Amino acid sequence: MAMADRFLGEASSVAGADFAHLVRRHQSMVFAIALHFLADYSAAEELAQDVFVQLHANLASLQSEAHVTFWLRKVTAHRCIDHKRRRKPPQISLEDAPEPSEPARVTDPWMARRLRQVVASLPEKPRLVVILRYQEDMSPEDIAELLGMPVATVKSHLQRALAMLREKVTRTIGEGKT
Amino acid sequence: MRKTLLWILLAATPATARAQDLKIPADVEKLSAKAKETVEVTMDGPMLKWASKFLSAEDPEEKKCAELVANLRGIYVRSFEFDKEGAYTSAEVDALRAQVRAPGWSRVVGVRSERDGDNVDVFFKLENDKMAGIIIIAAEPRELTFVNIVGPLEVDQLADLGGEFGIPKLNHESLSKAQKGEHK
Amino acid sequence: MTHTDEDLKSALRRCEAPEGFTDRVLARVANEQAVESTSGRESGLNIFSRPVLPWATVAVASVALIAGGIHYRNVQRERTQGEAAKQQLMLALRIASSKLQLAKAKVNDINVNQTKNRQVKE
């Protein structure tokens, strides 16, 4: 069943739902997509805020929690692409995406840093595809529906992006993997 | 079998006159053109003070950072990652080392390794017998890093931060394993 | 799942939004609603037929709300910029720390090798 069809069957509207609850529930998802795409902390927060302000204006049209999730991912994705096209590259260094404020310990934080740097350097569409795949655990079919592109294109983006990631990411002795 | 050549300078190398305010030498900036990835951090005193306002006293890592930077006047970092070995020359690194010459600066560690290609120099600045700054130049096969920290700091405190940030503390055992295992 | 897949999932995991994010969104929504409701349009005739004092009060309230909104925005911008600067600072310290540890490790290695060589000679 197409992802959109799943939402239509659910009866209750979210219009009456507590908006603050929705923000708290989904803020890490929206912020993280923006941050991993833009690699700019302050731009990511601004974008994430814009998404939720837009959500507030569109609450009446959303039909379920699942619909909200779909809507948020879609709007965040499109705003990320619009943001990149409209703005100059960030003035500060490539890696200004911070470590999460309450991280589970990563096995190799330097590898994680390298990966985020390389992901942030991918072209826009493959970058989004990788973020939705690995951050949001979405299937290629769901990603295709969200971004409005053929499934084959999504899979091709993923394949090439992964090949690039494997080739670019390197480790040095000083980065401590034993 | 390639002979490992490691030597270390512990005696202070007399300094020669050079610009007092060494932040990031021009030669370092040129290397960014060759790098595939660059990390740049430039924080002068006022910026440091402002940034450290946002360090949380309730987070143990951030608290340690706040203590470390409390009296610093600047932090300057350039870290370059290259596509392949040989992207920069030893002459370029020598030129960098040569620029760390100003009254009060002494080289306290100089390590050259033919085996794995890692070369590290650590320079201290002393004023009235107290630590007033540190410069680290780490030249690895595909990575070159220049760090300049201006102001009084506890070197052990800085080195210990590695453990706090989830970077494993390097000791002899882990280094041996790294050399036997996934060394590139 | 391959090793790279695991690394990517780990590197791209969701992270917490900045502290106070929800409050800032709610404040922004409330602010925008207030600005919309107090600066709503009326027909030209109606404006001039209303008493001046309430109209002036509405105008002053609108200006105050807009100014407050701008001030709020500035405070919020400073906070997000401060957070970014903080992360830069921590990144710099991490890099410095790791290179210092590299130097220490090399020195340890020398000491161990020298000890071994001495033992061999003996």
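The values are calculated or read from the model by the stated rules, or taken from the named source; none is laboratory data. Only a predicted model underlies this, so the values are computations on that prediction, with no experimental measurement involved. Cβ: placed from backbone, ideal geometry, glycine included. Neighbour counts: every protein chain shown.
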Query raised in the report: Restricted to segment B:103-129, and to residues that are small (G, A, S) and at pLDDT below 85, which residue is nearest to B:I149 (Cα to Cα)?
Result: B:G104
Report summary line: Within segment A:16-53, the residues that are of a type in the set (D, E, K, R), within 8 Å of chain C (Cβ to nearest Cβ) and under 18 Å from A:V68 (Cβ atoms) are A:R24
Requested in this report: Test C:L100 against the stated conditions and say whether it is within 29 Å of B:D160 (Cβ to Cβ), touching a Ser or Thr at 6+ places or on another chain (Cβ under 8 Å) and either exposed (fewer than 12 other Cβ atoms within 10 Å of the Cβ) or not β-branched (V, I, T) (or both).
Outcome: no
Query raised in the report: If you scan segment A:59-78, which residues turn out to be surrounded by fewer than 20 Cβ atoms within 10 Å (Cβ to Cβ) and closer than 27 Å to C:R79 by Cβ?
Result: A:L59, A:V75, A:H78
Report task. Return only the number of the condition from (1) at pLDDT 85 or above; (2) in contact with a helix residue (DSSP H, G or I) (Cβ under 7 Å, 6 or more places away or on another chain); (3) not charged (D, E, K, R) that A:P123 does not satisfy. Result -> (2)
Report task. Would you mention how many residues in segment B:48-57 are within 7 Å of chain C (Cβ to nearest Cβ) and either surrounded by fewer than 16 Cβ atoms within 10 Å (Cβ to Cβ) or β-branched (V, I, T) (or both)? Result -> 1
**Report entry** Condition met for B:G45 (away from chain C (no Cβ under 14 Å) and either farther than 18 Å from B:D121 by Cβ or in contact with a Ser or Thr (Cβ under 6 Å, 6 or more places away or on another chain) (or both))
**Finding:** no
Query - Top-ranked residue in segment B:112-133 [being in contact with an Asp or Glu (Cβ under 9 Å, 6 or more places away or on another chain) and in contact (Cβ under 8 Å) with a residue 60 or more places away in the chain; ranked as farthest from the other protein chains (Cβ to nearest Cβ)] - result: B:R112
Requested in this report: Say whether the condition of being within 12 Å of chain C (Cβ to nearest Cβ), in a loop (DSSP other than H, G, I, E, B) and either over 24 Å from A:R113 (Cβ atoms) or at pLDDT 80 or above (or both) is met by at least one residue in segment B:134-156.
Outcome: yes
Requested in this report: For segment B:11-29, state whether one or more residues are of a type in the set (V, I, T), buried (at least 17 other Cβ atoms within 10 Å of the Cβ) and at pLDDT 85 or above.
Outcome: no
**Report entry** Answer residue from segment A:109-140, given it is without any contact (Cβ under 8 Å) to a residue 12 or more places away in the chain and in a helix (DSSP H, G or I) and is farthest from the chain's Cα centre (by Cα) among those
**Finding:** A:P109
**Report entry** Residue within segment B:89-98 that is without any contact (Cβ under 8 Å) to a residue 24 or more places away in the chain and in a strand (DSSP E or B) present
**Finding:** no
Requested in this report: Tell me which of these B:A51 doesn't satisfy, since it passes every other one: (1) without any contact (Cβ under 8 Å) to a residue 40 or more places away in the chain; (2) within 24 Å of A:Q117 (Cβ to Cβ); (3) not in a helix (DSSP H, G or I).
Outcome: (3)
Report summary line: Within segment A:150-169, residues surrounded by 15 or more Cβ atoms within 10 Å (Cβ to Cβ), of a type in the set (A, V, I, L, M) and over 17 Å from A:S121 (Cβ atoms) come out as A:V154
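Here are A:V106, A:V75: which of them is of a type in the set (A, V, I, L, M, F, W, C), at pLDDT below 85 and either farther than 15 Å from C:T22 by Cα or not in a helix (DSSP H, G or I) (or both)?
Values: A:V75 fails: at pLDDT below 85.
Just a single option satisfies the conditions, and that option is A:V106.
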**Report entry** Matching residues, segment B:72-96, being out of contact with any helix residue (DSSP H, G or I) (no Cβ under 7 Å at 6 or more places or on another chain) and surrounded by 18 or more Cβ atoms within 10 Å (Cβ to Cβ)
**Finding:** B:Y76, B:E81, B:F82, B:A87, B:V93
Query - Failed criterion for B:V100 (all others in (1) within 11 Å of another protein chain (Cβ to nearest Cβ); (2) in contact with a strand residue (DSSP E or B) (Cβ under 7 Å, 6 or more places away or on another chain); (3) under 22 Å from C:A92 (Cβ atoms); (4) at pLDDT below 85 hold) - result: (1)
